[in-house]
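Working notes, structure below.
The values are calculated or read from the model by the stated rules, or taken from the named source; none is laboratory data. On a predicted model such as this, the values are computed, not experimentally measured, just so you know. Quick reminder, even Gly has a Cβ in these numbers, built from the backbone with ideal geometry, and neighbours come from all protein chains shown.
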Amino acid sequence: MDDERTQSVELPERVVSRVEQRLPRTEFETVSEYVAFAMEEVLYRVEDETDDGESAVDEAEVEDRLKSLGYLDE
């Protein structure tokens, strides 16, 4: 991570464990880097859908994406 200011958030242990298992197959060195990237991707997609005025946020799609990333229980 670069020199950006950071803030801590709590994640379920099962999510952290899943990220730790994936780290060796990614370019990320830490759980924090991976989670920050994943959240930026999700936010980018949600914001892109709402900013262009073409489609409203499909809550079911966002929920499915968060589930696939391990942030919500399936």
Single residue of Glu54, Glu27, Glu33 found to be modelled with pLDDT of 90 or more, loosely packed, with under 10 Cβ neighbours inside 10 Å and farther than 23 Å from Asp73 by Cβ: Glu27
Test Ser8 against the stated conditions and say whether it is modelled with pLDDT of 80 or more and either of a type in the set (Lys, Arg) or exposed (fewer than 10 other Cβ atoms within 10 Å of the Cβ) (or both). yes
What are the pairs with Cβ atoms under 7 angstrom where one residue, in the range 50-66, is under 19 Å from Val35 (Cα atoms) and the other, located anywhere, is modelled with pLDDT of 80 or more? Sequence gap at least six, or different chains. Val62/Val46; Arg65/Val42; Leu66/Val42
Looking at (1) closer than 15 Å to Ser68 by Cβ; (2) more than 11 Å from the chain's Cα centre (by Cα), which is the one condition that is false for Val16? (1)
